[in-house]
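Presented below is the structure to which this report refers.
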Amino acid sequence: INENRTEDLPPPPPPEVYADIDDDHFEVDDTLPPAPPDMASGDELKVDEFYANLNADILELCGRNPMEECCCEDFQPKFDSAGKFYAHNALRLPPQRSVKVHKKERYEPKQVSHVFSSLLKPQDDPEKVTKQHELLEVAQAYCVQVTHADCEEMIGEFRKVTNLSHEESHWAILTVMNLLAGKVPHIKPSLEVVGMRLNAAHECRSTGHDYQCEDTLTLNRLISELAAVTSDSQQRGHYLRDDLDSIIDIITGLSDTLSNAKLCVSMASIQQDNFSMVEIIAKYYQMETRWVIHSCLLHLINIICRLNPLAIQEFLYSELPQEMVAEMQQHHNDDARFLQVAQTLGVVFMRGLASPHKLSLIMDIPFFIWLLGMIENMAELNRLVDVDMMLALVCAYHLQHEDISQNPVTEALKMAHGRALLESALRFLSKHDDPTKLLGSNIEPKLNSVILLLSHLFDNPDTADLLYTNDVEVLIGIFEEFLRDLTRDDPLRKQ
């Protein structure tokens with residue numbers, strides 16, 4: 001049978017056949033998903049458009065997530081002349097961003113008063129006339145319609161002119177509106193409505209599906225360009241063309257856009273396609289050999305980990321840590337390179353996650369013995385700031401061994417001279433500070449990393465005598481003073 005033959009099929013019935021069918025005779029099942037939208041001839045139904053019309057229960061059964069929608073839906077409150085204005089104090093700024101506004105008194109020329117009087121009921125009492133004027137202004141404010149998309153459009157245009165971040169632009173616009181409300185009292189209610197919508201859009205965690213987000217488009221374009229560079233194996237091996245400037249522009253563009261975009265937009269872009277951005281960056285770092293590009297990638301990695309701590313785990317289980325360890329050992333004479341790689345490597349360990357087996361084989365006891373020797377050399381050259389950074393790296397790595405006192409760090413201290421490292425640790429402990437803050441990861445460790453390291457040293461008889469008697473007395477004095485400053489129920493006492 002030829003399935004393509006249609007001439008033998010009967011023609012469809014004319015439209016009038018269905019004219020006498022009454023829809024009321026058919027029962028409607030509300031549990032069924034809604035039908036897809038009507039299509040004109042030649043239109044194609046997109047899958048995402050179909051799933052957008054399904055409820056969350058059906059989507060869960062189908063294994064699909066609902067399309068992300070804006071959670072700050074526009075609304076229009078009813079006007080109540082006796083009630084409180086719904087957008088009252090919407091322009092209030094946080095204390096750290098407050099501005100001093102010299103407010104002006106209301107000034108109404110005779111012409112304006114004549115117009116108002118023609119619109120309102122005649123009143124003999126001047127106070128009642130003023131009240132009617134204010135109610136008219138509030139009523140006009142209720143007619144202001146500003147959506148989430150309008151707010152993002154205003155912030156986007158403001159950023160083009162000022163080159164400010166999304167966060168800074170939001171507060172800059174509110175500051176200008178505060179100044180206007182103080183200088184022009186007649187428009188304050190309308191400005192408060194706009195300010196309320198700006199704040200709602202600012203708090204909304206929508207990532208751009210419901211409005212045109214330029215940052216999302218820019219990030220997708222730049223990561224696609226970086227993926228193309230990573231896949232260009234011929235160019236990496238022979239350098240057929242000078243692509244250094246273009247690659248740096250791609251990486252710095254990613255860094256700037258992630259830093260300046262709205263936080264939820266940046267986080268969503270990092271997590272898109274199961275952290276494909278992290279995978280591409282780690283792969284390209286492994287393949288690229290030029291330091292100037294590595295330096296830009298390290299800066300980008302720091303930004304990603306600071307914005308989205310979930311990316312730390314993805315970096316940890318990639319090839320990136322092994323590459324950074326090898327780079328530290330190969331270029332230990334380049335101080336700037338050595339320290340920047342060490343700082344980024346410390347950020348990767350900040351969540352205290354267990355290292356993968358392949359990384360444990362590289363960051364073993366001989367590696368930490370070598371690292372302790374590097375720290376001693378820095379101390380001899382009076383590079384105490386660099387010693388503190390190395391302590392931050394060691395303490396960040398050691399966070400994963402919270403319940404294991406015998407680990408590569410403590411075992412290396414048995415065999416190598418770690419005097420400079422311990423002196424730096426005591427300095428941080430005396431200040432009640434944690435060296436891992438130097439890494440700039442914005443991640444608070446579960447417990448003080450210096451206390452964890454010293455407690456593990458004293459758990460082992462072979463490392464308990466590393467500190468001199470005077471140092472132990474100083475340490476006891478530090479703990480005594482520290483405990484006196486804590487309340488009885490302070491959780492730090494358990495550390």
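The values are calculated or read from the model by the stated rules, or taken from the named source; none is laboratory data. Given the structure is predicted, the values throughout are model-derived calculations rather than measurements. Positions of Cβ are backbone-derived with ideal geometry, glycine not excepted, and every protein chain shown enters the neighbour counts. These area figures cover heavy atoms from the full protein model, side chains too; ligands, DNA and RNA do not enter into them. Shrake-Rupley method; radii C 1.70, N 1.55, O 1.52, S 1.80 Å.
When V385 is tested against the conditions (1) in contact with a helix residue (DSSP H, G or I) (Cβ under 8 Å, 6 or more places away or on another chain); (2) open to solvent by 40 Å² or more (accessible area, probe 1.4 Å), the lone failure is (1). Of the candidates N333, N274, the single residue that is open to solvent by 70 Å² or more (accessible area, probe 1.4 Å), over 17 Å from the mean Cα position of the chain (by Cα) and free of Cβ contacts under 8 Å to residues at least 12 places away in the same chain is N333. Inclusion of P356 among residues that are of a type outside the set (A, V, I, L, M, F, W, C) and either in contact with a strand residue (DSSP E or B) (Cβ under 9 Å, 6 or more places away or on another chain) or surrounded by 16 or more Cβ atoms within 10 Å (Cβ to Cβ) (or both) is not warranted. Within the range 207-227, residues that are of a type in the set (D, E) have Cβ atoms under 6 Å from residues that are in a loop (DSSP other than H, G, I, E, B) and modelled with pLDDT of 80 or more in these pairs: D215/A261, counting only partners at least 6 apart in sequence or on another chain.
Of everything listed in (1) within 25 Å of T463 (Cβ to Cβ); (2) out of contact with any His (no Cβ under 7 Å at 6 or more places or on another chain), the single unmet condition for T410 is (2). Reported count of residues in the range 428-482, each being hydroxyl-bearing (S, T, Y) and at pLDDT 80 or above, is 5. Determine if the range 290-309 includes at least one residue that is without any contact (Cβ under 8 Å) to a residue 40 or more places away in the chain, open to solvent by 30 Å² or more (accessible area, probe 1.4 Å) and in contact with a helix residue (DSSP H, G or I) (Cβ under 6 Å, 6 or more places away or on another chain). The answer is no; no qualifying residue exists. The residue list L475, L413 contains one member that is farther than 23 Å from H357 by Cα and either in a helix (DSSP H, G or I) or not aromatic (F, W, Y) (or both), which is L475. Selection over the range 298-332 of residues that are in a helix (DSSP H, G or I) and over 24 Å from F367 (Cα atoms) gives a count of 9.
Residues in the range 447-462 that are among the β-branched types (V, I, T) and crowded, with 21+ Cβ neighbours inside 10 Å: V450 only. Out of E319, E327, E376, E314, one residue alone is charged (D, E, K, R) and touching a residue at least 40 places away in the same chain (Cβ under 8 Å). It is E376.
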